[in-house]
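Just so it is clear, none of the values below were taken in a lab; they were calculated from the coordinates. For clarity, every value in this text was computed on a predicted model and none was experimentally measured. Neighbour counts run over all protein chains shown; Cβ positions are idealised from the backbone, glycine included.
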Amino acid sequence: MRKIRPFALGVGVFASGIVLGLAAALYWTTARPPSSLTKDLPGGWNDASSQFDARIRRRFPIGTSAQKLIDGLGAEGFQPTWFEAAGEYGAKRDEGSFVCKVAARVFWRLDQNGVVSAIRGTYHEEGCL
């Protein structure tokens with residue numbers, strides 16, 4: 001039976017510590033707590049997305065100014081994606097971690113006066129390792 005040299009054992013322990021530390025740091029830096037709009041959503045993606053959509057519509061009803069919407073979403077950690085397809089504007093908030101990506105998205109249209117004329121939200125998984 002071969003003996004493991006103390007130096008090799010030390011290097012192995014050190015390397016294992018580095019790998020675990022990097023994994024913990026990556027998880028720590030990518031995991032975000034939910035916003036008030038996504039906190040305590042029900043289980044199941046369909047139910048969670050429906051509840052998120054209802055929260056968005058309640059918080060930013062038709063007639064909300066574009067500035068109030070953008071400021072409110074920004075305060076919740078949403079980043080603008082701006083012009084989307086079919087005349088919609090959008091914003092996205094990434095949640096979850098590097099293991100599973102979760103996205104909360106808001107899409108809206110503005111009328112000629114710069115107020116919200118349509119709004120909707122989606123909440124879904126964007127992939128897991």
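With Rh defined as the Kirkwood radius, the inverse of the mean 1/r over Cα pairs, the Rg/Rh of region 31-121 is 0.97.
Amide H to amide H, with H built 1.01 Å from N, E95 comes under 5 Å of V102, A103, A104, counting only residues 5 or more places away or on other chains.
For the pair A66 and A103 in one chain, pulling the backbone fully straight at 0.36 nm per residue adds 11.1 nm over the alpha carbon distance.
Taking each residue as 0.36 nm, the span from H124 to W82 lengthens on full extension beyond its C-alpha to C-alpha distance by 13.2 nm. Going from the fewest other Cβ atoms within 10 Å to the most, the residues F83, F98 appear in the order F83, F98. Based on C-alpha pairs under 8 angstrom that are at least 6 apart in sequence, region 33-128 has a relative contact order of 30 percent.
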